[in-house]
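Structure, as structure tokens:
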């Protein structure tokens, strides 16, 4: 049996290559399309743990978030932070007093909410560490006037029932010295 032979026109080869590249880009772009983070349906359930120490550490951070970060009640900082509290956020100096000064400069005193008002994705505890992940909103550089949803992480180290150290994912920024995330972190 004789096979038919044919030759593709160079333009057909280019067209096939372009279509193939377009298909690869479409798949790659779809793979990169964001699935926005969502909040856990029940913040209080996130505080539970079979280990009473881990549950207490989660509750300490949860309460501090509501009272200090969101409520601005810096007079209560000694209930939650060690005096020599270590800060890894590049916008805030180390020490409880420095953290209090930063909070006073960036947010007013508000009523203490019963829950964290940011959309909380999870609260996890392991050993002396507690991680809080929340949905964060930032200006979309590709769509001026719009925001996109991402994830903000706060990690706290607990020592003798108080927060002794903090890490987060906030970049160094002069604007952070005057920004209240309780106002700006909205869709």
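What number goes with the only condition from (1) within 26 Å of residue 50 (Cβ to Cβ); (2) touching a strand residue (DSSP E or B) at 6+ places or on another chain (Cβ under 9 Å) that residue 88 does not pass?
(1)
What are the pairs with Cβ atoms under 9 angstrom where one residue, in the range 105-120, is touching a residue at least 24 places away in the same chain (Cβ under 8 Å) and the other, located anywhere, is assigned to a loop (DSSP other than H, G, I, E, B) and loosely packed, with under 13 Cβ neighbours inside 10 Å? Sequence gap at least six, or different chains.
Filtered contacts from the range 105-120: 119/38.
Looking only at the range 35-61, count every residue that is touching a strand residue (DSSP E or B) at 6+ places or on another chain (Cβ under 8 Å) and under 21 Å from residue 137 (Cβ atoms) and tell me the total.
Residues that pass the stated criteria total 7.
Does residue 96 qualify as being buried (at least 19 other Cβ atoms within 10 Å of the Cβ), touching a helix residue (DSSP H, G or I) at 6+ places or on another chain (Cβ under 9 Å), over 25 Å from residue 36 (Cα atoms) and modelled with pLDDT under 95?
Working: buried (at least 19 other Cβ atoms within 10 Å of the Cβ): yes; touching a helix residue (DSSP H, G or I) at 6+ places or on another chain (Cβ under 9 Å): yes; over 25 Å from residue 36 (Cα atoms): yes; modelled with pLDDT under 95: no.
The answer is no for residue 96.
Test residue 82 against the criterion of being over 23 Å from the mean Cα position of the chain (by Cα) and modelled with pLDDT of 95 or more, and give yes or no.
On the way: over 23 Å from the mean Cα position of the chain (by Cα): yes; modelled with pLDDT of 95 or more: yes.
For residue 82, the condition - over 23 Å from the mean Cα position of the chain (by Cα) and modelled with pLDDT of 95 or more - is met.
When you scan the range 143-165, do you find a residue that is in contact with a strand residue (DSSP E or B) (Cβ under 6 Å, 6 or more places away or on another chain), within 25 Å of residue 38 (Cβ to Cβ) and at pLDDT below 90, even just one?
No; the residues of the range 143-165 include none that is in contact with a strand residue (DSSP E or B) (Cβ under 6 Å, 6 or more places away or on another chain), within 25 Å of residue 38 (Cβ to Cβ) and at pLDDT below 90.
Filter the range 44-65 for residues that are assigned to a helix (DSSP H, G or I) and surrounded by 18 or more Cβ atoms within 10 Å (Cβ to Cβ) and give the result. Full working, then the answer.
First, the residues of the range 44-65 that are assigned to a helix (DSSP H, G or I): 44-46, 52-65.
Across the range 44-65, the qualifying residues are 46, 54, 57, 58, 60, 61, 62, 64, 65.
The values are calculated or read from the model by the stated rules, or taken from the named source; none is laboratory data. Note that the coordinates shown come from a computational prediction; the quantities given were computed from them, not determined experimentally. Please note: Cβ atoms are built from the backbone with ideal geometry, for glycine as well, and neighbour counts cover all protein chains shown.
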